[in-house]
Amino acid sequence: MHMAPAETPAAAAWGRLLDRQVEDLAMVQFVTPDGALTPAGEEYGVDVDLAQRLHRDMVLARRLDTEALALQRQGELNLWLMSWGQEAAQVGSIRALRQTDMVFPSYREHAAALCRGIAPAELMAQWRGIRHAGWDPSVSRFHIYSLVLGTQTLHATGYAMGAAMERSDEVVAVYFGDGSSSQGDVNEALNWSAAGTLPVLFFCQNNQWAISTPTTTQMRTPLHRRATGFGLDAYHVDGNDVLAVHAVTDVAARRIRAGSGPGLIEAQTYRFGGHSSSDDPQRYRTQADFDLWMGRDPLVRLERLLRTLGVEDDWFKELQEESDAFAVDVRSACKALAGSDLCDLFGNVYAEAHPVLAGEREQHMAFLAALESQGEA
Amino acid sequence: MHMAPAETPAAAAWGRLLDRQVEDLAMVQFVTPDGALTPAGEEYGVDVDLAQRLHRDMVLARRLDTEALALQRQGELNLWLMSWGQEAAQVGSIRALRQTDMVFPSYREHAAALCRGIAPAELMAQWRGIRHAGWDPSVSRFHIYSLVLGTQTLHATGYAMGAAMERSDEVVAVYFGDGSSSQGDVNEALNWSAAGTLPVLFFCQNNQWAISTPTTTQMRTPLHRRATGFGLDAYHVDGNDVLAVHAVTDVAARRIRAGSGPGLIEAQTYRFGGHSSSDDPQRYRTQADFDLWMGRDPLVRLERLLRTLGVEDDWFKELQEESDAFAVDVRSACKALAGSDLCDLFGNVYAEAHPVLAGEREQHMAFLAALESQGEA
Amino acid sequence: MTTLTLGAAINAGLRQAMTDDDRVLVLGEDVGVLGGVFRVTDGLHAEFGPDRVVDTPLAESAIVGTAIGLALRGYRPVCEIQFDGFVYPAFDQIVSQLAKMRARSGGLLKLPVVIRIPVGGGIGAVEHHSESNEAYFAHTAGLRVVSCSNADDAFHMIQQAIHSDDPVIFYEPKRRYWEKGTVANEPSLGLHQAGVLRRGTDCVLAAHGPTVATALAAATAAEEDGYSVAVVDLRSISPLDLSTVRDLVRTTGRLVVVHEASTFFGLGAEVAAAVTEQCFFELKAPVLRVGAYNMPYPPAQVEDHFLPDVDRVLDAIDRSLDY
Amino acid sequence: MTTLTLGAAINAGLRQAMTDDDRVLVLGEDVGVLGGVFRVTDGLHAEFGPDRVVDTPLAESAIVGTAIGLALRGYRPVCEIQFDGFVYPAFDQIVSQLAKMRARSGGLLKLPVVIRIPVGGGIGAVEHHSESNEAYFAHTAGLRVVSCSNADDAFHMIQQAIHSDDPVIFYEPKRRYWEKGTVANEPSLGLHQAGVLRRGTDCVLAAHGPTVATALAAATAAEEDGYSVAVVDLRSISPLDLSTVRDLVRTTGRLVVVHEASTFFGLGAEVAAAVTEQCFFELKAPVLRVGAYNMPYPPAQVEDHFLPDVDRVLDAIDRSLDY
Ligand SMILES: Cc1ncc(C[n+]2csc(CCOP(=O)(O)OP(=O)(O)O)c2C)c(N)n1
Ligand SMILES: Cc1ncc(C[n+]2csc(CCOP(=O)(O)OP(=O)(O)O)c2C)c(N)n1
Ligand SMILES: [Mg+2]
Ligand SMILES: [Mg+2]
């Protein structure tokens, strides 16, 4: 990995200082892309019922994504960021947490959000430009999306300070991307949570790209290795293998609940779509790369495994029907989404009375009234 | 280090994921506190001439510190931050670099600054409130002090981007403290320089305190371990052992020049004084701690070694005389430091013409003139 | 009724707030064992323990970012930023997260976070330790910005800020920390009300925080020259209590705004624009501004010439009266 | 003389500057292979290579911090911030380092860094993608802040900004990226001069960047109602070219400032305060401001009601004329 230095006596004598490089963690995988169990998968065993539930979560999430992209193309949404390809990472992790564990998502966690009972309409409201955030985090225990990259890792850390103070056995989970890990905030959060032995689970979906920027531009070593350096328990998992993700998250969460401090899971995955509906990934990545990863589709692999394990065709058909019905709901829910008036928003800024804003609201109402009377005149 | 998780089959099976913790690097030491060579020191050998030069640097630096603190107590300086106790870390490292290597200091690197030919008056100007920075970095290749913690690590990284682009064999060195390592900027710099294989040498003086906050509050693992996680070559050295610091810096610099990417040296040290002349360290640390570290004084240890190696009393006496003469110069230089007028500062803000500021300058001059004529009237 | 320094009054206010409500936490660099570099949190660590008075790692973005997380969990964190010039690493968390999160959530979330900032010059400090940055936060919708100038206000305003369900930037005039004043048992004004310290018929001076004393001294000096000058302590910078200022200006027709920050895009501009709009026909002279020149805070040796002082305020009053 | 979109004009200006001087570098997120999310750096990576067009890691503080290091080594870096709302993580490096380093060094160091920011609303974007934050930087001594409104200015101003030995915040009105205009071979104005786009005798509109077109449209509409309205494109926000504005105001006695940022502590306040001070007796009405309300930029669905539009400008003209 390193170029040899000019060999001097000093360098020769002290070069060994550097020998103790950290080894990268092997990636945990239970199911191969063609649906076979790995030795680790065999050892762990498969809970078929769980696997079916996870599969259903993934199928519906993918359907939402497909429908939403289509709605964007039809002009019903301003923008959509697909989680396509990352369903296993999201579903596997969130399903291994308790419903009461608070989650701080980034902005691509639609599959995770659905698992927390957030409705498609609530998810789409933001991208239709109706609201900045569509759901109530106190109900779903799923915080609103954070679009300023990495900021949410500190919110999770603070939330976990509270949990630690209260001696609660909660885990506070936070999602972020490979690109975001270059932000100061994320590193402050890793360090702060480690120093404070806080119950935070950092979950990085390493989908290998930050818009057009590959992970190799962001970092020299894999993120799980960096996390170890900060003193977190780090895990490296095949992010397209929902069973492995679920198992690793389960282990990590147990350790965190037991008080061992924060953990980080790096889930190796790939986004099949563009960064967003505005992005054309062909400008920066190859068809070969895409094809390679298409061969590692999380849904295909689990379906193969399930079929091998004897899940019948009927079950898949029923799921397909459920998914079709869901798609109809998604489309109509999207189109039904109508927003509020600008006038209503003045009241959302401050919790308490605010004379400047109140004055501006009045001014705005007067302006509208004048406009209207002009229109009439 | 970690609490045991509730033992479940999953945890048992996958607990081994965590076994590969990074080992902390042993601290390199050549000279023990009582002046004896360690086996490593024996193996490396002592260049007595170099050792004498380093000792002289340290003695003068300490003298500057003592005088400056006295001057502060007399009201001649507004503030002073001593490098007392950290002379070996600073002198050993900067003397292992080339004079042409650019250095980005923090704010406590007076010993290093003196080695770069910066005059005591230039150093004291800032703390007497005369100027914000007292020297010309293009002459000393020692950037102005950065008081906003950690910001300079990114400047060094950018400077090194230029060096890398030009295929130069420079090293860009940057000093910072243990506390500062919690800042986002420092971690962005570690990551960015590693990702870009840039010739930056990060030098952390871990003096165990950030004002009243101990290193244990800042981080869970030692900094050199974190650096390894980011993919830097990391070194851990006894920062009170000037010969070890010099040797380790030499190795690190050679590797960096050879193109292996950034390195980080963590120098274990202690500040004997308060954080600044305004600080009372007895509020937060114990006498026992202080006494322990007093027993590890970098100057005492090197003097013992030098005497063992046959350096004569005369040499130490001459050095004492030089130091006394230096002290006289320091005091008179300080008192001679007079500043500029506010009026002169308007021209320092922008390199090019600026009508708003020019107008304000005129306004100010008119005000002064009016005031004067009133005074006369 | 008791006599305290301004610094001790904030300390007492924090203690009171922490006693009244155990969801109130204090966090920042060196706020615990040391009691803060200005000793404003002195004794709180001993009294309330390390869970409620948290010595944090050295990272301002994280101080504010974790405070947001704590607030989302129901706590009322009070962050200390050690010096004005060190708030910028937290700017993103303050401006994009703390300020906007309530609006972003459609009014669902509340963020009762207070950020205490010792502010301004006059103590002979090195660079980055004497800044006045209220304009950045006042221009940021979603924040409240207040500034205390004396012990009584300090004691009450810090508690009112903590009681507020909105985020509050709380400025403490560091060169006035050691000035004593009497502290009443009850506050006489709401957090966002300006206080009229002195009535006058010729001209109004509006100031806040560290320059209130300067304005009062200037008013006294002007009196000797035969002018009757009113002084209003704005106390709240966002929202501004314009009606109090306006009422005074309607009598005098003249207003001078005094602050330490650069005048360019500063508080004086907002006050001038708003008052002029509302009192256009009453104004006998344009609203004048006395503040910093458009340059970074200079070295300590010249700060006395840089800071708005009585002479510069008197000069502005003269210019106003000359119209 | 050629016709380009505003975005393509900046691209051409960057290419010209890079061709003229090989110390000019471009760095930012996705500026290389992709050519930026708005394609403003399209083709530069292919033409100048990865050393001079740098796809950076995702860290704004580091983008500006390393640009400072590059500038200290003699380069002239041009940073791209992907969207207005993402400049805040770099705020500390901009405000404490980039802006102040020259003054801190006693005038020894120079920092020729340009920070390009696509700014403002109107493209139906999600939160944090439609902000107008010029006031923060204008209030920061040591920076220059400019804003282009059309292709011709875009082409020349980006080059003038790069030639400047001072740090320049360069605003690009993102909703105007696709608007075409003719580009002259030579600039007609200096970087910090305002441009008079339209003369008029009843009222002056001052705008910059995205609202210049709004102001022009309003002036045209007002003409139909029989009013003669002048329009000035401020172009430079710091320093402000007050003399050009003042000259126009001396004829009309009325001024309305139009911008997308919140009026509270915004550009309009500074212009109002300064112009009122200098034209007190000429003003027939207070300087009026049309800008954002004191709230975070709202969801896209209502942005048309939020952004200053022709109706709101006309309303302000009416109010001004009513005095
Ligand atoms: C602070 C900040 N800078 C820039 C952006 C613009 N941006 C949005 S997403 C993105 C890439 C994020 O990559 P990654 O973290 O890997 O997440 P992914 O999109 O791959 O899920 C960028 C640069 C932003 N949202 N926030
Ligand atoms: C961004 C920022 N925050 C806070 C401070 C105030 N401050 C000055 S020095 C210091 C402690 C620094 O500790 P460390 O980095 O270990 O350096 P040392 O003083 O021990 O050399 C603090 C908190 C600062 N200068 N900059
Ligand atoms: Mg990614
Ligand atoms: Mg330290």
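Read-outs: derived from the displayed coordinates by stated rules, not from any lab. Being a predicted model, the structure only gives us computed values, none of them experimental. A quick note on method: Cβ atoms are made from the backbone with ideal geometry, for glycine too, and the neighbour counts reach across all protein chains shown.
Judged by the mean number of other Cβ atoms found within 10 Å, the most tightly packed of the peptides A:363-375, B:360-372, D:303-315, A:166-178 leads the ranking A:166-178, D:303-315, B:360-372, A:363-375. With the label put 7 angstrom out from Cα along the Cα-to-Cβ vector, B:Asp329 ends up 8.3 nm from the copy partners, going from closest to farthest. Relative to a virtual label point 7 Å from the Cα of B:Arg304 in the Cα→beta-carbon direction, which members of the stretch B:69-87 show backbone nitrogen distances below 17 Å? Only B:85 fall inside the zone, counting backbone N under 17 Å.
Between the alpha-carbon centres of the stretch D:38-116 and the stretch C:15-63 there is a gap of 37 Å.
Model label sites at A:Gln287 and B:Ser332, defined 7 Å from Cα along the beta-carbon direction, differ in position by 8.2 nm.
For chain D, taking Cα atoms only, Rg and Dmax work out to 19.3, 59 Å respectively. Which distance in Å, rounded to a whole number, links the C-alpha centroids of the stretch B:270-292 and the stretch C:152-207? A separation of 37 Å, based on Cα centres. In this simple spin-label model, placing a label point 7 Å from the Cα along the Cα-to-Cβ direction at both B:Asp280 and D:Asp21 gives a separation of 5.4 nm.
About its Cα centre, chain B has a charge dipole of approximately 740 debye under the convention of +1 per Lys or Arg Cβ and -1 per Asp or Glu Cβ, with nothing else charged. Once each part is reduced to its C-alpha centroid, what is the distance from the stretch A:127-144 to the stretch A:308-343 in angstrom? After rounding, the separation between the Cα centres reads 19 Å. Ranked by how many other Cβ atoms sit within 10 Å of their own Cβ, fewest first, the residues C:Lys110, D:Lys100 fall in the order C:Lys110, D:Lys100.
In the assembly of identical copies, C:Thr201 has its label point, taken 7 Å from Cα in the direction of the beta carbon, separated from the corresponding points by 4.4 nm (ascending, one decimal). Charge tally around C:Asp322: other residues with Cβ under 15 Å, Lys/Arg +1 each, Asp/Glu -1 each, net -2.
The B:Asp169 and D:Thr5 beta-carbon pair, evaluated with R₀ = 60 Å, returns a calculated FRET efficiency of approximately 0.85.
How much net charge surrounds A:Thr217 when only the other residues with a Cβ under 12 Å from the Cβ of A:Thr217 are counted, with Lys and Arg +1 and Asp and Glu -1? Here the charged neighbours net out to -3.
Taking the Cα atoms only, what angle lies between the long axis of helix A:184-195 and the longest principal axis of chain A, rounded to 10 degrees? Rounded to the nearest ten degrees, it is 60.
Across peptide D:48-57, the mean count of Cβ atoms from other chains lying within 10 Å of each residue's own Cβ comes to 4. Axis of helix A:48-73 versus longest Cα principal axis of chain A: the two differ by about 50°, to the nearest ten degrees. About its Cα centre, the stretch D:195-322 has a charge dipole of approximately 400 debye under the convention of +1 per Lys or Arg Cβ and -1 per Asp or Glu Cβ, with nothing else charged. With R₀ set to 22 Å, the beta-carbon distance separating B:Val48 from B:Ala26 gives a calculated FRET efficiency near 0.25.
The angle between the Cα long axis of helix D:151-163 and the main principal axis of chain D comes to about 50°, on a 0 to 90 degree scale. Remark: label point of A:Ser168 defined 7 Å out from Cα along the Cα-Cβ vector; separations to the same position in other copies 5.3 nm, ascending.
Placing +1 on the Cβ of every Lys and Arg and -1 on the Cβ of every Asp and Glu, with no other charges, gives the stretch A:302-377 a dipole of roughly 220 debye about its Cα centre.
Positive contributions from Lys and Arg (+1) and negative ones from Asp and Glu (-1), summed over other residues with Cβ under 12 Å from the Cβ of C:Glu127, come out at 0. For C:Met1, B:Met294, B:Met27, A:Met124, the sequence from fewest to most other C-beta atoms within 10 Å is C:Met1, B:Met294, B:Met27, A:Met124. Counting Cβ atoms of other protein chains within 10 Å of each Cβ in B:160-167 and taking the mean gives 5. Each listed q (0.13, 0.15 Å⁻¹) maps to a log10 I(q)/I(0) for the stretch B:9-336, found by the Debye formula over equal Cα scatterers with no solvent: -0.97, -1.29.
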